[in-house]
Amino acid sequence: MSGPVPGDGDAAELAQFGYSQSLERRTGKFASFAVAFAFVSIATGIFTTYGSVLNSSGPIGIWTWPIAVVGQLAVAFVLGALASRIPVTGYHYQWMSRLANPVLGWIIGWISFTFLAIVVCAVDYTIASTILPVLLNYESTATIAWLITAGVLLIQFLLVAFSTPWAERVNNSFVTLELIGMVALTVLLLVVAAIRGDMDFGNLFSKGAVPAEGFWSFGDWTSAGPWMLGFLLGAFTIVGFESAANLAEETHDPERVVPRAMCQAVLASGVLGFLFLVAVTLAAGDPIALAESGTPIADVIESTLGSVVATLLLLMVVLAIFACGLVIMITGVRLTWAMSRDKRFPGWQQWDQISPRFHTPFKAAVLYFVVANLILAIFSRSETALFTLFGAATLLPAVMYASTVVLYLIKRKSLPANGKFDLGAWEIPVVAVAVVWLAFELALFRDSSFKEAWSYVIVMVVIGALYLGYLLATRGRHGLSMPDMHSIDAELDREAAKD
């Protein structure tokens, strides 16, 4: 007699939500963590935004990081609780559709897609615009940056479209390298700076060139205060950890593995990222002069550890950014496929297919690749392209997180306890921290510097609203019902029967 086939239990759990197993379950614990950690990518976030913090808040702005970590960790716990109960590809879209209604689910799904389409451009553009010119010593232009970014997108597309196992192997390797590299850099910076006597503890509390007047203020209706803008360092960097939930149908025991991977990624990124920020700031020398550099992190490492180590850092950052973009593309493709599977993404008839040869959502990958390149082309001639891309990539996840946390707050009492990931007695404090943090974070985006980012968001929302109107007109509200919408109620009935 043959025993149970590995993964049969996961397939049975998936069937409760109205879907059959169509993606291969290969993702284990480390791979799930690596997906979440790669999307966060502290090397990417800190390298690209540390200079902005020096200019907006001064070195003391790094102390916003621990607060942001606590806030995002609370969000991760809440999203983890949802991911454990609805372990289905599509993350925010699935959660909102099943617990609120399919119309709101579609809206949050579209917002998620617009975020994933632009953030991959923002991340990959960093390689071409700020790192390779320093690493290879050439003067970058808008055209060169555009072409290089398009090339990076192409390599990521080939991995995602043709082989999920190879995409995971590349990501696992680069995440391991990033973890080892960031720990080594932090230790080396602290040790060498201490031996040389180059540590300046005053830097940790310096405002740099930022005026002291009004430094701690919240700002007014159209601007945030200098200290408040420092929170964008953590707000931009510590996002995307829930990407592990978008691979739920490819993960073994996702109810247990995915939530833990999300929280572990935020915690590891938060602790390691802050230690690295402290080390860099202590060894920064003159923070006012450093703020004028386009690559302040690389400058500090080169002056402290030498050009060879600085070059190795830049190589590590390139690989970390590549892994980040790769995971973003995987997440975007899975979301496109998940919404198409439910017949509610434009052109869904093409994008809901799984390639029998490659076992990937091949056509959905093609669509995502084309959309990302269109967005890249739109911003290719903009002098402020990088800031606009980053601004939109910070604003959109804040909207997604706030919507989902509010949903959890409303529906938490009706969610079944699965015994694999529950907040228990900590539920109310955790949700309270998440709500306060997200309300504060969203308030930062009233600053006028985010005007172009808001313009992108509005344009994409209008496009989505038009298509949603078409769906409602042709199918009606009931035509958007999710497969097996009673799965949560059935689970509640089963739990009640056990009692």
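Would you mind finding the one in GLY225, GLY230 that is farther than 29 Å from LEU305 by Cβ and in contact with a Gly (Cβ under 6 Å, 6 or more places away or on another chain)? Step through it out loud before you land on a result.
Details: GLY230 fails: farther than 29 Å from LEU305 by Cβ.
On inspection, the qualifying residue turns out to be GLY225.
Is it true that some residue in the range 128-146 is touching a strand residue (DSSP E or B) at 6+ places or on another chain (Cβ under 8 Å), part of a helix (DSSP H, G or I) and not small (Gly, Ala, Ser)?
no
Residues that are among the basic types (Lys, Arg), touching a helix residue (DSSP H, G or I) at 6+ places or on another chain (Cβ under 9 Å) and surrounded by 18 or more Cβ atoms within 10 Å (Cβ to Cβ): which helices (runs of 4 or more DSSP H) entirely in the range 194-302 hold 1 or more of them?
Here the list reads 254-282.
Might you let me know whether the range 13-20 holds any residue that is open to solvent by less than 10 Å² (accessible area, probe 1.4 Å) and either closer than 30 Å to GLY214 by Cβ or among the small types (Gly, Ala, Ser) (or both)?
No: the range 13-20 contains no residue that is open to solvent by less than 10 Å² (accessible area, probe 1.4 Å) and either closer than 30 Å to GLY214 by Cβ or among the small types (Gly, Ala, Ser) (or both).
Whether any residue in the range 387-408 is modelled with pLDDT under 85, outside any helix (DSSP H, G or I) and open to solvent by 20 Å² or more (accessible area, probe 1.4 Å) is what I want to check.
no
If you scan the range 55-90, which residues turn out to be assigned to a helix (DSSP H, G or I), of a type in the set (Val, Ile, Thr) and open to solvent by less than 10 Å² (accessible area, probe 1.4 Å)?
From the range 55-90, those assigned to a helix (DSSP H, G or I) are 55-56, 59-85; that's our starting set.
Next cut, of a type in the set (Val, Ile, Thr) only: 60, 62, 64, 67, 69-70, 75, 78.
Matches in the range 55-90: ILE62, THR64, VAL75, VAL78.
Tell me which of these GLN156 doesn't satisfy, since it passes every other one: (1) buried (at least 22 other Cβ atoms within 10 Å of the Cβ); (2) at pLDDT below 95.
Condition not satisfied by GLN156: (2).
How many residues are open to solvent by 20 Å² or more (accessible area, probe 1.4 Å) and either touching a helix residue (DSSP H, G or I) at 6+ places or on another chain (Cβ under 7 Å) or more than 20 Å from GLY71 (Cβ to Cβ) (or both) if we restrict to the range 434-446?
Selection size over the range 434-446: 2.
Considering every residue within the range 115-127, establish whether at least one is in contact with a Cys (Cβ under 6 Å, 6 or more places away or on another chain), crowded, with 24+ Cβ neighbours inside 10 Å, modelled with pLDDT under 90 and part of a helix (DSSP H, G or I). Break it down into steps so the answer makes sense when it comes.
In the first step, residues of the range 115-127 are kept if they are in contact with a Cys (Cβ under 6 Å, 6 or more places away or on another chain); the result is 123.
Okay, now just the ones that are also crowded, with 24+ Cβ neighbours inside 10 Å, so 123.
Imposing the further condition that a residue be modelled with pLDDT under 90 reduces the set to 123.
Now drop any that are not part of a helix (DSSP H, G or I), which leaves 123.
Yes: one or more hits.
Scan the range 280-312 for residues that are of a type outside the set (Val, Ile, Thr) and either within 21 Å of PHE37 (Cα to Cα) or in contact with a strand residue (DSSP E or B) (Cβ under 9 Å, 6 or more places away or on another chain) (or both) and jot them down.
LEU312
The values are calculated or read from the model by the stated rules, or taken from the named source; none is laboratory data. Since this is a predicted model, take the numbers as computed values, not measurements. With ideal geometry, Cβ positions are generated from the backbone for all residues, glycine too; neighbour counts draw on all protein chains shown. All accessible areas refer to the heavy atoms of the entire protein, side chains included, with ligands and DNA or RNA removed. Shrake-Rupley method; radii C 1.70, N 1.55, O 1.52, S 1.80 Å.
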